[in-house]
Amino acid sequence: MLLIKNVKVIDGTGAEAYASDVLVSGNRISAIGNFPNRKADQVIEGLGGYLMPGFIDVNTDADHQLTLFTNPHQENFLKQGVTTIIGGHCGSSLAPLLYGSLESIRKWADPNQINVNWHSFREFVTTMKKRPLGVNFGSLVGHSTIRRAIIGEDARDLTKQELEIFTQIIKESLEEGALGFSTGLSYVHSRQTPYNEIKQLVSVLRPYKAVYSTHLRDEKEDLFAAVNETITLFQETGVRTVISHFRPLIKYEKNFEAAFNLIDKTVGKMDFFYNLYPFDTSIVPIYTFLPLWAQKGGLHDMLSSLSTAATRARVMKELPTFKKGELIIASAPGNEHMIGKQLGKKDLIKAMLDSGLKAQVFHKNINEKKAIELLFAHKSLVGSNSGGLGERSTKTFPKFFELVEARENYPIEKAVQKITSLPAEKFNILERGRIAEGYFADLSLVLNNQIKYVIVNGQVVIDKGEYNQVTAGTIVTRG
């Protein structure tokens, strides 16, 4: 039994904060009220601080970067007050794996780091329940992950029979607990995927009330068309939709403004959202700096082409000039000595070759001022898009609250709702995201603008600001 005394409860619904005590029994909130004489195994004195639901990070790469396995504690999230993270974005997920291959995440991490002992989404859930987890983790199923398993690296349309198999795999995964379905339409393997294929696959989600998350087909010159395609898909399928990391990229602000206005005018009050983070830097696979004509086939094919002097010369001509500090290597599986290296045009091509096109790069390419403004739009959700790299992995939610505090006429209750009950609702995660009797006890206690206590499934994991090595997380499933 855990008793949290003398707190101002922000329950996650947007309602005004109120003074109360909160009693936790097992992994659930058992009572909310005034308990001056109640005894408990552990008592936390709240001293008038804010008690909030644990935050939900709607877009993380802890699965892509395999830190769910290599760093299961996920301390960076917990210290921010985050108790639940969502993965499986951008078309790549850890399940289902028809042939036990993690090829779809190789642009983020080395798949050989872990042993895979699952195929179906149900088997993945069973595996994760047996493993230590610092945070709760839920996952979408990835389009590219399944497509690759069906046809390999071929860049072609699916046959009718293949599409039927694909549809059945999605249905089974949803029934086994997947939160929804994702695409990464700007990545080389999915870029040429026809609209009708995506529409048929997304249509499967509707009876399950599952979410569709998409990395847009283009975030630069053709951003408006990519957003329009996504809106059309939403209108034709009726499936709840979230655009992943919707960012105002530098040099493309006018395109972004037009796309934003299209969303606002077309689906203003409908179940259509986007997520982003309040920083000026993206983390991108290094191969995405290649011109589109050079992004053909798998990484091996691209690397083989780049190894010729003629291709390198042509690529060099088409690469833009990068300012000092604009490109920095974030990760390079098997070549860790490269991490932190700043890149110019020549360095970038060399780094591509040296890393086998498997490096991740910090790219300072976001208009931060516009991103911060967008963060407060009514359709925005907060997602760090991080699995352990860069300031986004440690500062996304603290910075969000700093911005909330500095913003006029934006109550903290509304801010908390944006990162708790709203994402729980949109991703169909039941009994989390609110402080209510019977709900899971995922809680964050903020005192003097600092996260002092974090509780995951009823267990204290951050105690007086310090992580105590307790892994209380679990896998969360749809509905």
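Structure notes:
Per-residue answers, yes or no, for (1) in contact with a helix residue (DSSP H, G or I) (Cβ under 6 Å, 6 or more places away or on another chain); (2) farther than 21 Å from A15 by Cβ:
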residue: F376; (1), (2): no, no
residue: G383; (1), (2): no, yes
residue: S386; (1), (2): yes, yes
residue: V404; (1), (2): yes, no
residue: T420; (1), (2): no, no
residue: R434; (1), (2): yes, no
residue: Y467; (1), (2): yes, yes
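- Against the numbered list (1) of a type in the set (V, I, T); (2) open to solvent by 10 Å² or more (accessible area, probe 1.4 Å); (3) within 23 Å of L276 (Cα to Cα), T84 comes up short only at (2).
- Scan of the range 186-196 for residues that are open to solvent by 10 Å² or more (accessible area, probe 1.4 Å) and either among the acidic types (D, E) or within 20 Å of G87 (Cβ to Cβ) (or both), ordered by number: S186, Y187, H189
- Selected residue (only one of Y467, Y453, Y410, Y439 is open to solvent by 20 Å² or more (accessible area, probe 1.4 Å), aromatic (F, W, Y), more than 25 Å from D61 (Cα to Cα) and in contact with a strand residue (DSSP E or B) (Cβ under 9 Å, 6 or more places away or on another chain)): Y439
- The sole residue among L290, L276 that is among the aliphatic types (A, V, I, L, M), surrounded by 16 or more Cβ atoms within 10 Å (Cβ to Cβ), modelled with pLDDT under 95 and over 24 Å from Q168 (Cα atoms) is L290.
- In the range 278-291, the residues that are touching a Leu at 6+ places or on another chain (Cβ under 9 Å) and either part of a helix (DSSP H, G or I) or closer than 16 Å to G184 by Cα (or both): S282, I283, P285, I286, Y287, F289
- Residues being among the small types (G, A, S) and surrounded by 16 or more Cβ atoms within 10 Å (Cβ to Cβ) - total across the range 219-256: 2
- Residue match in the range 158-170 (condition: open to solvent by less than 10 Å² (accessible area, probe 1.4 Å) and over 25 Å from H215 (Cα atoms)): no
- If the condition is being open to solvent by less than 40 Å² (accessible area, probe 1.4 Å) and farther than 15 Å from A17 by Cα, then the range 422-436 contributes L422, P423, A424, K426, F427, N428, I429, R432, G433.
- R122 vs. criteria among the basic types (K, R), in contact with a Pro (Cβ under 7 Å, 6 or more places away or on another chain) and either in contact (Cβ under 8 Å) with a residue 24 or more places away in the chain or closer than 26 Å to G479 by Cβ (or both): no
- Residue within the range 93-102 that is free of Cβ contacts under 8 Å to residues at least 24 places away in the same chain and of a type outside the set (G, A, S) present: yes
- Of the helices (runs of 4 or more DSSP H) lying entirely inside the range 292-380, the ones with 2 or more residues being closer than 30 Å to P423 by Cα are found at 368-375.
- Residues considered: N37, N115. Of these, the only one that is under 30 Å from S190 (Cα atoms), in a loop (DSSP other than H, G, I, E, B), more than 21 Å from the chain's Cα centre (by Cα) and at pLDDT below 90 is N115.
- For the range 436-451, the criterion of a residue being at pLDDT below 95, over 24 Å from L174 (Cβ atoms) and in a loop (DSSP other than H, G, I, E, B) is satisfied by at least one position.
- Residues that are at positive phi and touching a helix residue (DSSP H, G or I) at 6+ places or on another chain (Cβ under 6 Å) within the range 82-112 comprise just one, G91.
- Pairs linking a residue in the range 337-351 that is basic (K, R) to a residue that is open to solvent by 20 Å² or more (accessible area, probe 1.4 Å), with Cβ atoms under 9 Å and 6 or more positions apart or on different chains, are K341/I328; K341/D347; K345/M316; K345/P320; K345/T321; K345/F322; K346/M316.
- Taking the range 197-217 as the range and being closer than 22 Å to N261 by Cβ and open to solvent by 40 Å² or more (accessible area, probe 1.4 Å) as the test, only R217 passes.
- Just one of the numbered conditions (1) buried (at least 18 other Cβ atoms within 10 Å of the Cβ); (2) not in a loop (DSSP other than H, G, I, E, B) is not true of A31: (1).
- Of all residues in the range 117-157 being open to solvent by less than 40 Å² (accessible area, probe 1.4 Å) and small (G, A, S), the one that is nearest to S101 (Cα to Cα): A149
The values are calculated or read from the model by the stated rules, or taken from the named source; none is laboratory data. Not measured: the values here are computed from a predicted model. Please note: Cβ atoms are built from the backbone with ideal geometry, for glycine as well, and neighbour counts cover all protein chains shown. Accessible surface is based on the protein model in full, side chains and every heavy atom, while ligands, DNA and RNA are left aside. Shrake-Rupley method; radii C 1.70, N 1.55, O 1.52, S 1.80 Å.
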